[in-house]
Amino acid sequence: MKRSDTSHLIDKCSPEEMRALLELASRPAHQPLGLLEPVDDLVELARRLTVLLREVGASGADLLAEVANPKTAVDRLVKLKSLAKSHLARAERADEDWPVRFLYHAAIAAAVAHHGQSISTIPLRSRQELYHALAARLRDHPLAEVFRKAVAGSSPREQNQDG
């Protein structure tokens, strides 16, 4: 298989496009873009989540509390994950959708932490570094415990849910 030369595409990049490409290339491949940086402000995260998922009719704070609650059923966590995934699939600007990406990961982590079940086809071990970092950033918040327990979780049952 012959590789095509794409260097001519780089020559056509503006300085702004080149800076963006270099920033993207400098990030670890496993870290979702923009997820760790703003997580410190959960009030802002909840506010943005309310705006981005307004079609749900629930506040972002309520959605986050639901994910943090150990009594939330696995079926509901699957629905929250699917809602987030659907939104991300049709999103125009990934850099503005970090609250939805956070909800997506929080729902996956909560299923493992509270129910010992995986609701994703992607192995938890590939997310452990991210979840560990999120737990550290969130410190004493109940969602930090969700991420900590997910990382510590042992061999959750796979349910073969979509991504």
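Restricted to helices (runs of 4 or more DSSP H) entirely inside segment 50-117, no element has at least 3 residues that are in contact with a Cys (Cβ under 7 Å, 6 or more places away or on another chain). Inclusion of ASP140 among residues that are at pLDDT 85 or above and not in a helix (DSSP H, G or I) is warranted. Taking the conditions (1) closer than 22 Å to ARG127 by Cβ; (2) modelled with pLDDT of 95 or more; (3) of a type in the set (S, T, N, Q) in turn, SER59 satisfies each one other than (1). Only one entry of SER86, SER82, SER126 meets the criterion of being modelled with pLDDT of 90 or more, within 14 Å of the chain's Cα centre (by Cα), within 21 Å of ALA150 (Cβ to Cβ) and not aromatic (Phe, Trp, Tyr), and that entry is SER82.
Here is a check on your reading of the model: is LYS85 closer than 16 Å to VAL56 by Cβ and free of Cβ contacts under 8 Å to residues at least 12 places away in the same chain? Please lay out each step first, then the result.
Working: closer than 16 Å to VAL56 by Cβ: yes; free of Cβ contacts under 8 Å to residues at least 12 places away in the same chain: no.
When the stated conditions are applied, LYS85 does not pass them.
Which residue is modelled with the lowest pLDDT, if the candidates are limited to segment 33-42 and must be part of a helix (DSSP H, G or I) and of a type in the set (Asp, Glu)? Within segment 33-42, the match that is modelled with the lowest pLDDT is GLU37. Kindly indicate whether any position in segment 96-104 is surrounded by fewer than 18 Cβ atoms within 10 Å (Cβ to Cβ), under 14 Å from the mean Cα position of the chain (by Cα) and within 17 Å of ARG47 (Cα to Cα). Yes: segment 96-104 contains one or more residues that are surrounded by fewer than 18 Cβ atoms within 10 Å (Cβ to Cβ), under 14 Å from the mean Cα position of the chain (by Cα) and within 17 Å of ARG47 (Cα to Cα). Within segment 122-157, the set of residues being of a type in the set (Ser, Thr, Tyr) and either touching a Gly at 6+ places or on another chain (Cβ under 6 Å) or surrounded by 13 or more Cβ atoms within 10 Å (Cβ to Cβ) (or both) comprises TYR131 only.
Taken over segment 43-56, the criterion of being modelled with pLDDT of 90 or more and more than 16 Å from ARG101 (Cβ to Cβ) is satisfied by VAL43, ARG54.
The values are calculated or read from the model by the stated rules, or taken from the named source; none is laboratory data. Predicted model only: the values in this text are computed from it and were never measured. All Cβ positions, glycine included, derive from the backbone under ideal geometry; neighbour counts span all protein chains shown.
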